[in-house]
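Since the structure comes first, as structure tokens, the remarks are kept for the end.
A short reminder: the numbers here are calculations on the coordinates, not readings from a lab. What you see is a predicted model; the values in this text were computed from it and never measured. Cβ sites come from the backbone with ideal geometry, for glycine too, and all protein chains shown count toward neighbours.
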Amino acid sequence: MSADADVEVLRRQGRIVVVGASLAGLRAAETLREKGFTGSLTMIGDEPYEPYDRPPLSKQALLGRARPEDTALPRRRDIDAEWRLGVAAEGLDRVAKLVRLANGATVAYDRLLITTGTRARPWIHPEEAALDGVFVLRTREDSTRLTRKLAGGVSRVLVIGAGFTGSEVASACRELGLEVTVVERGPAPLVGPLGGVIGAVADRLQRRKGVELRCGISVTALEGDDVGRLRRAHLSDGSAIDVEVAVVSLGAVRNAEWLAGSGVAAGPRGVACDAGCRVFDVNGIVTDDIYAAGDVARSPHPLFDYQFLSLEHWGNAVEQAEIAAHNMICAGPERRPHLWLPMFWSSQFGVNIKSVGVPSMGDQLVIAQGALDEERFVAVYGYHGRVIAAASFDGAKWMGFYEQQIAAGAPFPPEYRTVDRRTETLQPVDPAFPDPHLPTHGATVTLTGHSPSERRVTFVPAHA
Amino acid sequence: MTPGTITAQITDYANRADPYPLYAELRKTPVRREDDGTYVVSTYEEVRSLANDPRLSNDTRNRPPGHARPGQPAEETGLPPSFIFTDPPVHDRLRDTINRPFGPPHSPRFLDGLRGELAKVVTELLDAFEGKDQVDIVEDFSYPLPVTAICKVLGVPREDEPRFHVWADALASSLDPQSGGGDESQEKAQRARQDMGAYLTDLIETKRRHPGPGILSALAPDMTPADLEATAVLLLVAGHETTVNAITNTTLTLLRHPDVLQRFLQDPGLAVPLIEEVLRYEPPVQFVPWTTALADIDVAGTTIPKGSPVWLMLAAANRDPQRFADPDRFDPDRKDNEHLGFYTGIHYCFGAPLARIELHVAVPELFRRVTFSQLLEDPPPYRANAVLRGPRHLPVAIEGLTA
């Protein structure tokens, strides 16, 4: 039987299993059906819900403008799938081509798609994490619990970590009229994803909006009362603050543990796959029946020195899922590469923040439009003399232009005149990213090195 | 086509009723240089990309001497240019301020609150069709609604509305590159602007002392009277003629496509994709002739030199076969209809949500109540304006009116 005939059989009567009933999982399933896949489709998810949208959970939901349970993702089409919800995948047998579930059941596949995403990094001490009043924010249930708590009258909220999620939580709390303390180990909010120059703007913005921001220190312990309710947080500078609510926003952990021992290149940095979303095994050999997409995937990108990138971006999940689905049911020459340009947005303290490219790779930065002190600007990042990224505060509409500049490898610094240029010539400065060897939790793009089967936690310097 | 005559052909009245064959010709050279150094851009990707390019300015003072500078008020008026003819940061500051009482996030319900009053106007206009077997859709229907809408937005007392109709006419014609070059039309526009300015100065002062409904009251504390006046003039011009044309074009297009009209009558839900398709197919703003390159810009293999006036041909881009399959077909089932009818980028139509409300209040009700028999002139007579293109009259025969 030729490979092409195999693909035809697969399209008609193959068994495709999607592990991770997420944005990526859903979009992949829809794409499979769209492209004429008529075989069986199984969606496995550890949460009891059909796929839902997460961005509103840290924004509109906390403000009471949307209910967390109303964030189900709109369906593009019927996917005619068997849903196995509320039960996690626990293991993978590549030889027998089976996924093992936590309840002991097994599901056989001809093609497997891994879209297990990430989960919130929990507080370091489990017994402290279990205190009533200590929250993380990732799932619909997290959002429901936190929203209820905030609505119930709280004197002060402690946010641990000023990455994007932490900053959005702090913003929502201020909008609700709550007192907020943000504790950030780095020198400023958002330093991980955007660097210290932009971080300083976020710093001023937070303080102006009434956040008690304490940078350069960390929370050492959370203390409970007799009945297990949070009452105090101890800080590394020796001080303590009385709080009833702490939101732990220390970034995300990739849900790849279930693949341990399966022989695929999965680890704390994610599941390595090629540009066509096919997963590598630990020997760096590409599999042909296992694919990955979304937050859990890491894949090489030609615009960024072919480093593997893992992206916790909504748009990436959608696009990578579509590519993976397409490639799963196509013969070799018809397969497409995933060359998505990283892009994400955030809204906090009344400002829309948007970024394209990989800012953390930047070795220089210019303010191309607007001004930092007006909190409205476009910052352009350079790497080895070309444009590698751009980030804007209330300038999202310009990002399409800079996306083109990045894709074209346009020279840095940009010499041309634009609207809202404040200085005749642009003076590049160091974007001031923190030492990449320190763990950061705010990155939304992680450079994960050149090796597909790297399984240790290693931080690759952004400065080449 | 001889080079150097394109802008003249675009503004030539002979091409007004059907400019699309000319636009198709134009797209063969996506970025075309005129003898006077103006660049005309007509393909979708290029127009879209330039409209979002920070090297392109809407402030026509960046043009070298000798080129038209639309949007720059004569010095004696003492008025600043309205925000559509400014660049950031001035543009962003003005637009943000004006948006505060107008739309989300601060005023998410303002426009929706006008729906009832606009529906009442529509009902009155249609009631007046009773007993007639022939009406002019422009005079009798499309024309009165948008002025009322803008007056409501601004907070102009109802009895003063007729004066706004006259001013709107005079100001709109000055945006036209052809008549805009003529002294008479410019003078008329300046006079209208002065009269309207004087009226608005009084009104703003009244609103400052006795706040009432509308955005002028809300903005009076935050803006200089001159900026506020320039804004009011802009909203009137940009919000009036455009919406008149959008309503008229929708009516004309539906009457030219009886199959779609039949479907629409049976399925009022078709209104949304149908109206968006009209905005692609017959956009009320055909092109934007007031942008200028601030730097050399490479686009589609051509370099537009710094200082060049640039015309962005929205209506040609909307029919680019590279972007829209079978672009000359009116097809409300079109997927992914990301038309440029409201432009794109930071100067995206400020009034787009208002225009959509007006269209959705007016069009379904017009076709629900009126039984049309036929167009009495096809093509209908057009206005002179090539930018804000639309019929001057749309005479139709009607068979009846339902309650």
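Of A:Ser360, A:Leu98, B:Thr302, which is farthest along the charge dipole of the protein assembly as shown in the positive direction, counting Lys and Arg as +1 and Asp and Glu as -1 at C-beta?
So the residue we want is A:Leu98.
What FRET efficiency comes out for the pair A:Val87/B:Ala352, r = Cβ-Cβ distance, R0 = 56 Å, nearest 0.05?
0.75
Could you go through the stretch A:224-232 in sequence order and give the Karplus-derived ³J(HN,Hα) for each residue, using 6.51 cos²θ - 1.76 cosθ + 1.60 with θ = phi - 60°, rounded to whole Hz, and x for Gly and Pro?
x, 8, 4, 9, x, 9, 4, 10, 7
Take A:Asp80, A:Asp203, A:Asp289 and order them by how many other Cβ atoms sit within 10 Å, fewest up front.
Least crowded to most crowded, the residues run A:Asp80, A:Asp289, A:Asp203.
For the stretch A:186-243, give the magnitude of the charge dipole about the Cα centre (Cβ charges: +1 Lys/Arg, -1 Asp/Glu; no others), in debye to the nearest 20.
That gives the stretch A:186-243 a dipole magnitude of about 340 debye.
What FRET efficiency, computed as 1/(1 + (r/R0)^6) with R0 = 25 Å and r the Cβ-Cβ distance, is obtained for B:Asp18 and B:Arg100, rounded to the nearest 0.05?
0.05
Going by how many other Cβ atoms sit within 10 Å of their own, how do B:Glu241, A:Glu69, B:Glu276 line up, fewest first?
Lowest to highest Cβ neighbour count: A:Glu69, B:Glu276, B:Glu241.
Of the options A:Ala408, A:Val380, A:Gln427, report the single residue whose Cα projects farthest towards the positive end of the charge dipole of the stretch A:344-433 (beta-carbon charges: Lys, Arg +1; Asp, Glu -1).
A:Ala408
How do the peptides A:110-121, A:390-401 rank, highest first, by the average count of neighbouring beta carbon atoms within 10 Å per residue?
A:110-121, A:390-401
Let me have the relative contact order for chain A, percent, based on Cα pairs under 8 Å that are six or more residues apart.
Once normalised by length, the contact order is 15 percent.
Placing +1 at every Lys and Arg Cβ and -1 at every Asp and Glu Cβ, with all other atoms neutral, what dipole size does the protein assembly as shown have around its Cα centre, in debye to the nearest 20?
Using only the charged Cβ atoms, the result is roughly 1460 debye.
Could you sort the peptides A:32-38, B:107-113 by per-residue average Cβ neighbour count (10 Å cutoff), highest mean leading?
Packing proxy ranking, top to bottom: A:32-38, B:107-113.
Which FRET efficiency value, to the nearest 0.05, is calculated for A:Arg12 and A:Asn283 with the Förster distance at 35 angstrom and r the Cβ-Cβ distance?
FRET efficiency, A:Arg12 to A:Asn283: 0.60.
With a cut-off of 8 Å between alpha carbons and a minimum separation of six or more residues, what is the relative contact order of the stretch A:122-250 in percent?
With pairs under 8 Å counted, the relative contact order is 33 percent.
Looking at chain B, do any whole DSSP H helices span at least 30 angstrom along their long axis by alpha carbon and average 0.0 or above on Kyte-Doolittle, and which?
Those that clear 30 Å and a mean of 0.0 are B:225-256.
Would you mind working out the magnitude of the charge dipole of the stretch A:199-349 relative to its Cα centre, with +1 at each Lys and Arg C-beta and -1 at each Asp and Glu C-beta, to the nearest 20 Debye?
Here the stretch A:199-349 has a charge dipole of around 480 debye.
Need one number: nm distance between label points at A:Ala105 and B:Gln266, each 7 Å from Cα along Cα→Cβ, rounded to one decimal.
The modelled label-to-label distance comes out at 4.4 nm.
Partner chain Cβ atoms within 10 Å, averaged over the residues of B:53-60 - can you pull that number for me?
So the per-residue partner count for this stretch is 5.
So for chain A, what are the equivalent ellipsoid semi-axes in whole Å, largest first, each being the square root of 5 times an eigenvalue of the Cα gyration tensor?
Over the Cα atoms of chain A, the ellipsoid semi-axes are 36, 29, 19 Å.
Can you give the calculated 222 nm mean residue ellipticity of chain A, where each DSSP H run of n ≥ 4 adds -39,500 (n - 2.57) and the sum is split over every residue, rounded to the nearest 500 deg cm²/dmol?
-6000 deg cm²/dmol, from helical runs alone.
Based on alpha-carbon centroids, what's the gap between the stretch A:331-353 and the stretch B:325-392 in Å, whole number please?
The two parts, judged by their Cα centres, are 33 Å apart.
With runs of 4+ DSSP H residues as the only contributors, calculate the mean residue ellipticity of chain B at 222 nm using -39,500 (n - 2.57) per run, divided by the residue total and rounded to the nearest 500.
Calculated from helices alone, the mean residue ellipticity at 222 nm is -14000 deg cm²/dmol.
Please arrange A:Cys173, B:Cys151, A:Cys330 by counting, for each residue, the other beta carbons lying within 10 Å of its beta carbon, fewest first.
A:Cys330, B:Cys151, A:Cys173
Using the basic label-point model (7 angstrom from Cα toward the beta carbon), what is the A:Glu141 to B:Lys28 distance in nanometres?
Each label point lies 7 Å from its Cα, and together they span 6.7 nm.
Rounded to a whole number, what is D in µm²/s for the stretch A:320-368 from Stokes-Einstein with the Kirkwood radius over alpha-carbon pairs (37 °C, 0.692 mPa s)?
Diffusion coefficient, whole number: 233 µm²/s.
Once you average over the residues of B:79-90, how many Cβ atoms of partner chains fall within 10 Å of each Cβ?
Mean shielding count: 2.
Per-residue Cβ counts within 10 Å, from other chains only, averaged over A:412-420: what number is that?
Shielding by partners across A:412-420 averages 6.
Explain nothing, just the number: relative contact order of chain B, from Cα pairs under 8 Å at least 6 residues apart, as a whole percent.
RCO, chain B: 26 percent.
Which peptide among B:35-46, A:404-415 comes first, and what is the full order, when sorted by highest mean count of other Cβ atoms within 10 Å?
The peptides rank, most packed first, as B:35-46, A:404-415.
With a ≥ b ≥ c the root eigenvalues of the C-alpha gyration tensor of the stretch B:334-403, is it rounded (a/c under 1.5), prolate (a/b larger than b/c) or oblate?
Oblate is the answer for the stretch B:334-403, as a/c is 1.5 or above yet b/c matches or exceeds a/b.
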